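Q: Please read through the structure below; I'll follow up with questions.
The values are calculated or read from the model by the stated rules, or taken from the named source; none is laboratory data. Computed from a predicted model, the values in this text were never measured in an experiment. Cβ coordinates were reconstructed from backbone atoms using ideal geometry, including for glycine residues, and neighbour counts include every protein chain displayed.
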């Protein structure tokens, strides 16, 4: 099933893919079981000539069992998914590692404004650089992203990094990633945000170290 996904280039993408697989196989197994049982009952108890319908009296213990046993199974599977996912979500959402690289991404209808700090390493100062729809980062380095929105709800989505985070007006939300492979990767908006939503697309450019250093020197010459 994982073969259907975009290539994973994230340090935590494998853990997220494992959760997807677990949920897929559990729900897929439940679907096959319930639909198979329904089909079996349709065939076995279908109307046939010479066979009258049976009148079945209520049987509360059996009725309770038909309800409670599936409920217990679903609860056990749900807690199992929660248990397996707790460590992954804590790593992605609750334990943002220290980073030497920070950018601010502001969503608006219908593009991404990406603000880079200058040589002083601080956002909101005179040496900042703003670009449209291009997020440049070095490979194998933790990148911290501050997400904002100027108008409506957007969704910052990096499929290859298994990162998806809504951008909300009036709030600044922190996210992070570490890309493990240089390349050019799509950065779409994953939240319907207006008539131009389908065209709201940027690019993540992951540079090798030497190439990233050259990119920095081109924009902040010494």
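Q: Taking residue 3 and the conditions (1) under 20 Å from the mean Cα position of the chain (by Cα); (2) outside any helix (DSSP H, G or I); (3) at pLDDT below 90, which numbered condition does it fall short on, given that it satisfies the others?
A: Only one criterion in (1) under 20 Å from the mean Cα position of the chain (by Cα); (2) outside any helix (DSSP H, G or I); (3) at pLDDT below 90 is unmet by residue 3, namely (2).
Q: So which residues in the stretch 1-19 are more than 23 Å from residue 184 (Cα to Cα) and surrounded by 15 or more Cβ atoms within 10 Å (Cβ to Cβ), if there are any at all?
A: Our first condition is that a residue be more than 23 Å from residue 184 (Cα to Cα); within the stretch 1-19, this holds for 1, 18-19.
The answer is 19, and nothing else.
Q: Can you tell which of 142, 152, 105 is closer than 16 Å to residue 212 by Cα and either out of contact with any helix residue (DSSP H, G or I) (no Cβ under 8 Å at 6 or more places or on another chain) or surrounded by 19 or more Cβ atoms within 10 Å (Cβ to Cβ) (or both)?
A: That would be 142, the only listed residue that is closer than 16 Å to residue 212 by Cα and either out of contact with any helix residue (DSSP H, G or I) (no Cβ under 8 Å at 6 or more places or on another chain) or surrounded by 19 or more Cβ atoms within 10 Å (Cβ to Cβ) (or both).
Okay, residues lined up against (1) within 23 Å of residue 193 (Cβ to Cβ); (2) in a helix (DSSP H, G or I):
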{"residue": "75", "(1), (2)": "no, yes"}
{"residue": "86", "(1), (2)": "no, yes"}
{"residue": "102", "(1), (2)": "no, no"}
{"residue": "177", "(1), (2)": "yes, no"}
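Q: Collect the residues in the stretch 199-212 that are without any contact (Cβ under 8 Å) to a residue 40 or more places away in the chain and loosely packed, with under 12 Cβ neighbours inside 10 Å, keeping them in residue-number order.
A: Once the filter is applied, which keeps residues that are without any contact (Cβ under 8 Å) to a residue 40 or more places away in the chain and loosely packed, with under 12 Cβ neighbours inside 10 Å, the stretch 199-212 yields only 210.
Q: Just to be sure before I move on: is residue 169 surrounded by 12 or more Cβ atoms within 10 Å (Cβ to Cβ) and more than 22 Å from residue 159 (Cα to Cα) in the structure I sent?
A: yes
Q: May I ask you to list the residues in the stretch 108-132 that are surrounded by 14 or more Cβ atoms within 10 Å (Cβ to Cβ), in contact (Cβ under 8 Å) with a residue 24 or more places away in the chain and part of a loop (DSSP other than H, G, I, E, B)?
A: Matches in the stretch 108-132: 109, 110, 118.
Q: Ok, one more. Under 18 Å from residue 91 (Cβ atoms) and touching a strand residue (DSSP E or B) at 6+ places or on another chain (Cβ under 9 Å) - does that describe any residue in the stretch 16-37?
A: yes
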